[in-house]
1. Quickly work out the residue 204-to-residue 88 label distance, labels modelled 7 Å from Cα along the C-beta direction, and quote it in nm with one decimal.
2. Mind sorting 148, 36 by how few other Cβ atoms lie within 10 Å of their own Cβ, fewest first?
3. Describe numerically, in nm with one decimal, the distance between label points set 7 Å from Cα along Cα→Cβ at residue 56 and at residue 188.
4. Please rank 28, 40, fewest neighbouring Cβ atoms within 10 Å first, as an exposure proxy.
């Protein structure tokens, strides 16, 4: 009881939350150099009610994995607890996290955002695999909450752009929606999973050939 009073007095949970990296869907200058990354994953046709239900499900998974026990000085999730179990724990946590990312792709997110989410999971997996301290590092780096926040940020700005375009078309004097330049033109056409896997395979083959070129015999 006294220990919890000290933590609350020092505002330890609030301070830890304030330094946690927040997920964002702002497209960087580096990502804008690759038009291919603006393709989006296949979008599932859903009603507004179904979209809200799916987003709530993703939020529930993110909190379950990273914030299941918020009463502690540092919020603890199932993913953090699994990190203390060698090999099997991080593997199970990775599978749960990948499922959350899959659910996010149903909204038709751009490939650069999908790549960010996967990178976030790789960082989380590397930290979790460090012996002894991996579990503690995983308490501070909450990849699943980051991915959920990035998804919400993307959807919010896409909805803003869509509502701005609708109001502009219905008015006699069209006005540009007030959107941050980092959120403009961040997604284009949809790409199928089959084409995406084929492109990834082609990139891997080209990369391997470049690293280990075959010796041509004269």
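Nothing in this text is a laboratory measurement; each read-out follows from the coordinates by a stated rule. The structure displayed is predicted, hence computed values, not measured ones. For neighbour counting, all protein chains shown are included, and Cβ atoms are generated from backbone atoms with ideal geometry for every residue, glycine included.
1. 2.8 nm
2. Ranking 148, 36 by Cβ neighbours within 10 Å, fewest first, gives 36, 148.
3. Result: 3.7 nm between the two label points.
4. In increasing order of surrounding Cβ atoms, one gets 28, 40.
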